[in-house]
Amino acid sequence: MEGVTIRDATEGDVPAITDIQNALMATTTIEWTDTPHTVESRVRWLWDHERADHPVLVAIDEVTDEVVGWCGYGDFRDVERWPGYRFTVEDTIHVRESHWGTGVGRDLMLELIERARKAGRHRMVAAITGENESSIRFHERLGFVEVGRLGEVGAKLGRWLDVVFLQLDLDARPDPPSDTAP
């Protein structure tokens, strides 16, 4: 998107990241928690991502110099317990509501996908609330394909929630590498 810069998140971006992530928490099922994130917990989360070499990216509005969106990926499952999952990552993305539909999310995700490919990842997974059709369609426009739906496995705001799994093939390797790294 013109007018937005995508870059790695820094600790100074954490208050904006926290605000964006918390903005719809009380009124939507986008995130299955009722407890708002704190800046302190998000700083630790950013450090954990940095230690694991998992990118967290921010979109900066070039006019206002404000963070208007962020995304990142982490392990799909606990790769220390189950190292067989080490080539698969799960994405998360949040865009300030005032910037929905402007291309910020697409630009963030395209950079994140490229980073995953360069890191040797094989698949990217998205786990999305079934009623969040706009996020499902957004991921599909990026090439993600729905691969599963679990009915009523979550609850929030007095109703049962489905989770929809989508995945994006990041490469066409027929076999994983023989070493332990992605």
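Taken together, the values in this text are just the output of simple stated rules run on the coordinates, not laboratory data. None of the values given here were measured: they were computed from a predicted structure. Here the Cβ is made from the backbone with ideal geometry for all residues, glycine too, and neighbour counts use every protein chain on show.
Structure notes:
- Relative protection proxy for 56-68, 30-42, from highest mean packing down: 56-68, 30-42 (other beta-carbon atoms within 10 angstrom).
- Evaluated at q = 0.10 Å⁻¹, the base-10 log of the normalised Debye intensity for the chain, with identical point scatterers placed on the Cα atoms, takes the values -0.40.
- Separation between Cα centres of region 121-146 and region 23-46, rounded to whole Å: 20 Å
- Using the empirical formula 2.2 N^0.38 Å as the baseline, the Cα radius of gyration of region 1-99 reaches a ratio of 1.13.
- If you wrap the tightest convex hull around every Cα atom of region 22-61 and split its volume per residue, you get 104 Å³.
- Placing a label point 7 Å from the Cα of Glu133 along the Cα-to-Cβ direction, the residues of region 1-45 whose backbone N falls under 18 Å from that point are 28-30.
- FRET efficiency, Thr27 to Glu140 (Cβ-Cβ, R0 35 Å, nearest 0.05): 0.90
- Base-10 log of normalised Debye intensity for region 75-171 (one unit scatterer per alpha-carbon) at q = 0.12, 0.15 Å⁻¹: -0.43, -0.66
- Helix-only CD estimate at 222 nm, as mean residue ellipticity for the chain, using -39500 (n - 2.57) per DSSP H run (n ≥ 4): -8000 deg cm²/dmol
- Scoring 15-21, 150-156, 98-104 by mean Cβ neighbours within 10 Å over their residues and listing the highest first yields 15-21, 98-104, 150-156.
- The modelled label-to-label distance between Leu157 and Glu50, using points 7 Å beyond Cα along the C-beta direction, is 3.5 nm.
- With a Förster radius of 30 Å applied to the beta-carbon distance between Ser178 and Val43, the computed FRET efficiency rounds to 0.20.
- Nearest-20 debye value, the chain charge dipole, Cβ charges on Lys, Arg, Asp, Glu: 500 debye
- Between Arg141, Arg81, Arg106, the GNM of the chain built on Cα springs shorter than 10 angstrom shows Arg81 fluctuating the most.
- In plain terms, the residue of Tyr85, Tyr73 with the fewest other Cβ atoms within 10 Å comes first and the most crowded comes last, giving Tyr85, Tyr73.
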